[in-house]
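Since the structure comes first, as structure tokens, the remarks are kept for the end.
FYI, it's all coordinate maths here, none of it is from the lab. Please read all numbers here as calculations on a predicted model, not as lab measurements. When we count neighbours, we look across all protein chains shown, and the Cβ atoms used for this are built from the backbone with ideal geometry, even at glycine.
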Amino acid sequence: MDMVTLIVIIAVAAVAIIGGGIAGLVTTTRRRKGRSLPTEAGTDVITRPEEPTVEEPSVEGAEPETVPAEPAAPVIEKPESTASRLVRLRQRLAGSNALGRGLLNLLSTDKLDEDTWESIEDLLLTADIGVAPTQELVDGLRTRLRVEGGKVDPKAALREELIKLVDPDMDRRLQVSGADDGAPGVVLMVGVNGTGKTTTTGKLARILVSEDRKVVLGAADTFRAAAAEQLTTWGERVGVEVIRGPEGTDPASVAFDSVKEGLDTGVDTVIVDTAGRLQNKAGLMDELGKVKRVIEKQTPVTEVLLVLDATTGQNGLIQARVFSEAVAVSGIVLTKLDGSAKGGIVVAVQRELGVPVKLVGLGEGPDDLAPFTPEAFVDALLG
Ligand SMILES: Nc1nc2c(ncn2[C@@H]2O[C@H](COP(=O)(O)OP(=O)(O)OP(=O)(O)O)[C@@H](O)[C@H]2O)c(=O)[nH]1
Ligand SMILES: [Mg+2]
């Protein structure tokens, strides 16, 4: 081999080595690029399936249980029917409320003197009925017993006067259906933090599902991630889709997406849960106003439910006033009436807002929510 041939062979070998290296680099670069595909920020979190985890290649002879198991399909619960729920809740309310028992005891005393009437007034005031309604009730009752004398049973008269006070003529139907154009009804849940908005949203979804309605939930409380998580748990239990966004997203945009999903999938009702943690009244007005406006670019909000905690008394009334100024409230949900001796707040809050109590929460259980009817409520109070 002469010198020239040797040089040519060395040159060819060098090119091959360098070329192979470059080819390898390109492949590597491609693989890296493939891995770092841009993520779609801001998309719906719940409908996105989990990224599959890459398993190490299995070692020969390894046990078959190292193969990742399929996630178990969620068990869809069947919510309790409204009829049986009402019976159970009535018993619970009757069992926990001392107001009715106290009133009946006083009324069954032989002689209804001034002291007894004063004790009756005190009982009503303690139950948060409010000063003016208490006076009305006592005056009405005294007059009837005086005029009708022995012809009227004090217990029956008390029942009638209490029902009158709770106002049986108010329209308490929930507006959960849309107009005839096939659009869903939209329910907006508002209220101070901790009153039970998310819980009530979940419970209400169950009532609607038990009535064979299709429901979408919107987690517009984007204040903290746990809020959307809490609502998702409620939704999963009854197979209801929950629309949510990353923590800190504009609540109005989640509300918009929820209603859009409801329109696209042809559901009957969209329920939008909101945050209660707002620093001041101006912020509240802005945020709730915007949520409602943005929803109504697509379809009207059919019901705005103000969720109030029955145990908060006068504070609850102040909150009710602030919220009703921020957004037109069309119904009240009174939660935590179980174990509360403050059932009278029903009367006070209806008077304050001129808006009916439509639902009552009587426990932390998933089906502890019932439609409010004045007769059943008073009967439960009186036991
Ligand atoms: N006893 C009882 N507890 C209830 C009732 N409704 C809600 N709760 C409880 O009240 C607590 C607060 O409920 P949430 O639904 O998280 O309240 P929220 O208004 O969504 O609170 P934020 O999201 O912080 O604004 C929870 O522990 C619920 O279980 C009820 O009717 N009775
Ligand atoms: Mg909440």
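Quick rundown of the values:
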read-out	value
Charge-dipole axis of segment 88-166 as Lys and Arg at +1 and Asp and Glu at -1 on Cβ define it, positive-most pick from LEU99, ALA132, GLY149	LEU99
Distance between modelled label sites at LYS78 and GLU375, nm, 7 Å Cα→Cβ extension	3.0
Spin-label model distance (nm) - ALA179 vs MET285, 7 Å beyond Cα toward Cβ	2.8
